[in-house]
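Working notes, structure below.
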Amino acid sequence: MVENGHYEVLIIGGGPAGLSAAVYMARYDRQVALFDTGRGRSNWHQVNHNYLGFPGGVKAREIRARGREQVESYDQVTILPHAITEMARDGSEFIARGEQGEWRGQSVILATGVTDRWPKFEDWQEYVGRSMFWCLTCDGYASRGKKLVTLGNDNPAACTTLQLQRFAPDITMLTGTPTHTISQVYLDRLANAGIPLVCDEIESVAGKDGQFEAIYTKDGWCIELECLFNLVEAVPNTKLARDLGVELNDIGYIKVDTEQRTNVEGVYAAGDVTWLHSHQIAAAVHEGGQAASAANYFLYPPELREP
């Protein structure tokens, strides 16, 4: 039973990783608080074609909705629509704080995801997942034979642009900024591949129902396109991890082992915030389940653990 806001596990984030962790924890008969503000990548319009068992694809929103319904069937899980803004350690307990109150748990699973840095123009949200993507693995195949624009201003973006030639021969790279940091090596590779590099910012776009027709830049370029790949690096949401002293890797993601354990005993992380695997729904679901399994084992008293 839950008493005075005390739970066995606090799961921060209600995307595929957090929902998967909650299902596993419920099946372990653990008392769980799942904090879900309803945000995150799984709320965009994209159709996922890489999730096994869905011929023809499945909307990411549907996966999330089905997962939420599955979690709601368990009395062990309390779903709270509250944002957690601060975390702390108090002896053997962890404290999650937000504007709506304070909750305590014996273990924590951080499934806080990332924040994408999308280009901003009128109705930009309607394009995300329809004709504006961020992942070659997810949507490169669907762009076959189409006119593409890639958005980015560094070597990783240039590298992915070159890789996209596998699917589409007509690509323009747009920096989205007045300057770039692309090395001469990659500038030469882009030129040799016949990929124009436009060093300019987006002024406006032409399109309908989330489908691009053209991009207009501040310096007067008009670039026709059917799909845009936003290759600007996302920002991992690690503020709560840093509150707890969780170690991050060189590019700012939470460091975990193959069981999703962090360097802080009792704290686990899953999903896009870890970068352990590529940013995929299937990987997030796996990591959420693994984190829950490891946390469940942690919660057993010493005499019930294997020697």
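The values are calculated or read from the model by the stated rules, or taken from the named source; none is laboratory data. In this text, all values refer to a predicted model and were calculated from it rather than measured experimentally. A quick note on method: Cβ atoms are made from the backbone with ideal geometry, for glycine too, and the neighbour counts reach across all protein chains shown.
For region 182-210, which positions are touching an Asp or Glu at 6+ places or on another chain (Cβ under 6 Å), in contact (Cβ under 8 Å) with a residue 40 or more places away in the chain and assigned to a strand (DSSP E or B)?
Result: G207, single match.
Condition check ((1) among the acidic types (D, E); (2) touching a strand residue (DSSP E or B) at 6+ places or on another chain (Cβ under 6 Å); (3) surrounded by fewer than 20 Cβ atoms within 10 Å (Cβ to Cβ); (4) in contact (Cβ under 8 Å) with a residue 40 or more places away in the chain) across all residues:
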site	(1), (2), (3), (4)
L19	no, no, no, yes
R41	no, no, no, yes
N50	no, no, yes, yes
G53	no, no, yes, no
A60	no, yes, no, yes
R97	no, yes, yes, no
G105	no, yes, no, yes
A111	no, no, no, yes
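Every residue, every condition in (1) in contact with a helix residue (DSSP H, G or I) (Cβ under 7 Å, 6 or more places away or on another chain); (2) more than 30 Å from T137 (Cα to Cα); (3) modelled with pLDDT of 95 or more; (4) outside the structural domain of K239 (by TED's automatic domain parsing), yes or no:
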site	(1), (2), (3), (4)
I11	yes, no, yes, no
Q46	yes, no, no, no
G53	no, no, yes, no
G57	no, no, yes, no
E69	no, no, yes, no
R104	no, yes, yes, no
Just one of E213, E224 is in the same structural domain as T160 (by TED's automatic domain parsing) and in contact (Cβ under 8 Å) with a residue 60 or more places away in the chain; which is it?
E224
Filtering region 77-103 down to residues that are over 21 Å from T37 (Cβ atoms) and outside any strand (DSSP E or B) yields G91, S92
Candidate set from region 265-295 (those that are free of Cβ contacts under 8 Å to residues at least 40 places away in the same chain and part of a loop (DSSP other than H, G, I, E, B)); member that is surrounded by the most Cβ atoms within 10 Å (Cβ to Cβ):
T274
Does T262 fit the bill of being buried (at least 23 other Cβ atoms within 10 Å of the Cβ), more than 22 Å from S42 (Cβ to Cβ) and either in contact with a strand residue (DSSP E or B) (Cβ under 7 Å, 6 or more places away or on another chain) or not assigned by TED's automatic domain parsing to the domain that holds A88 (or both)?
yes
Selection from region 23-42 of residues farther than 11 Å from H82 by Cβ, at pLDDT 95 or above and part of a loop (DSSP other than H, G, I, E, B) yields Y28, D29, R30, Q31
Checking the conditions here, which among N153, N192 is farther than 23 Å from Q211 by Cα, surrounded by fewer than 15 Cβ atoms within 10 Å (Cβ to Cβ) and not β-branched (V, I, T)?
N192
